[in-house]
1. Looking at 249, 190 in this structure, which one is buried (at least 18 other Cβ atoms within 10 Å of the Cβ), modelled with pLDDT under 95 and closer than 23 Å to residue 162 by Cα?
2. Kindly list the number of the only condition in (1) touching a residue at least 40 places away in the same chain (Cβ under 8 Å); (2) within 16 Å of the ligand (Cβ to nearest atom) that fails for residue 128.
3. Condition first: in contact (Cβ under 8 Å) with a residue 24 or more places away in the chain and not assigned by TED's automatic domain parsing to the domain that holds residue 219. Can you find one or more residues in region 66-75 that meet it?
4. When you scan region 30-40, do you find a residue that is away from the ligand (no atom under 14 Å from the Cβ), touching a helix residue (DSSP H, G or I) at 6+ places or on another chain (Cβ under 9 Å), assigned to a helix (DSSP H, G or I) and outside the structural domain of residue 218 (by TED's automatic domain parsing), even just one?
5. Find the residue count for region 182-193, including only residues that are assigned to a loop (DSSP other than H, G, I, E, B) and within 19 Å of residue 235 (Cα to Cα).
6. Assuming residue 161 fulfils every condition listed in (1) within 16 Å of the ligand (Cβ to nearest atom); (2) more than 16 Å from residue 254 (Cβ to Cβ); (3) touching a strand residue (DSSP E or B) at 6+ places or on another chain (Cβ under 6 Å) apart from one, which condition is it?
7. Can residue 60 be described as surrounded by 15 or more Cβ atoms within 10 Å (Cβ to Cβ) and free of Cβ contacts under 8 Å to residues at least 40 places away in the same chain?
8. For region 164-181, state whether one or more residues are part of a loop (DSSP other than H, G, I, E, B), closer than 28 Å to residue 260 by Cβ and within 14 Å of the ligand (Cβ to nearest atom).
Ligand code: SAH
């Protein structure tokens with residue numbers, strides 16, 4: 001039985017057909033292949049061209065049919081990342097060649113993934129496009145470190161924010177308002193500007209002792225996390241040597257990690273790989 005038939009047996013329905021000249025924007029989840037959805041696997045199993053970025057695990061890419069072409073669009077080894085215009089140009093080119101195109105993105109394509117830009121460009125060009133959601137790092141990545149996004153009696157909302165532009169010229173976020181909201185903040189792309197974000201939140205009156213945590217490379221075998229306070233998180237991250245990709249959580253939800261961030265509570269991610277697995281990174 002091939003992969004697609006196996007999936008259809010699990011789904012109890014036919015997988016949607018990725019037609020020639022169509023592009024699907026597919027969420028690959030935070031890292032571990034176990035966090036792909038069945039629809040994502042079905043999409044990848046039909047790809048003739050896979051356009052992917054650096055956050056996608058090689059075992060996930062290996063789910064594509066033999067002979068599928070891989071177009072790598074990301075940054076590696078400090079080289080500048082692919083320009084968004086080049087990515088869109090590649091998607092249009094591959095679609096116009098009549099290929100079945102999967103654009104694989106880390107996490108969820110519609111959460112800080114520029115999926116909307118790509119979907120709009122495809123729509124404008126008249127190219128059919130479907131969104132296949134994925135588990136986003138700001139929720140599944142926290143869960144992998146024992147941090148719930150919401151907890152009864154602790155929070156009634158959660159803010160997903162990017163720290164990418166914090167305190168810079170393009171920063172449109174009102175950090176003081178976020179501090180006043182009194183609800184947990186989950187930051188994506190926050191490592192570079194973490195000191196600025198923390199300073200802004202402290203200035204706005206968020207108590208220095210507010211629990212804070214950072215989770216790097218969540219769900220991969222390299223996952224590492226630190227738990228500290230708002231006042232201590234920058235130093236804790238530095239001392240532990242945590243680097244991107246990482247999510248940062250600030251708020252009472254972090255307290256659960258002390259009891260829950262243990263191997264017995266984690267998702268299956270990080271379990272040993274199969275012996276003889278040929279798809280490991282060298
Ligand atoms: N679309 C993605 C986010 C892309 S922006 C999603 O929904 O998850 C890139 C940011 O995502 C990184 O800077 C980091 O903050 C976060 N991220 C992605 N993968 C991660 C992982 N495995 N562990 C921790 N953070 C991750």
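1. Unique residue meeting the criteria: 190.
2. The single condition residue 128 does not satisfy is (2).
3. The answer is yes, given that some residue of region 66-75 is in contact (Cβ under 8 Å) with a residue 24 or more places away in the chain and not assigned by TED's automatic domain parsing to the domain that holds residue 219.
4. yes
5. Going through region 182-193 one residue at a time, the tally reaches 5.
6. Going through (1) within 16 Å of the ligand (Cβ to nearest atom); (2) more than 16 Å from residue 254 (Cβ to Cβ); (3) touching a strand residue (DSSP E or B) at 6+ places or on another chain (Cβ under 6 Å) one by one, residue 161 breaks only (2).
7. no
8. No: region 164-181 contains no residue that is part of a loop (DSSP other than H, G, I, E, B), closer than 28 Å to residue 260 by Cβ and within 14 Å of the ligand (Cβ to nearest atom).
The values are calculated or read from the model by the stated rules, or taken from the named source; none is laboratory data. What you are looking at is a predicted structure, and each value in this text was computed from that prediction instead of being measured. Quick reminder, even Gly has a Cβ in these numbers, built from the backbone with ideal geometry, and neighbours come from all protein chains shown.
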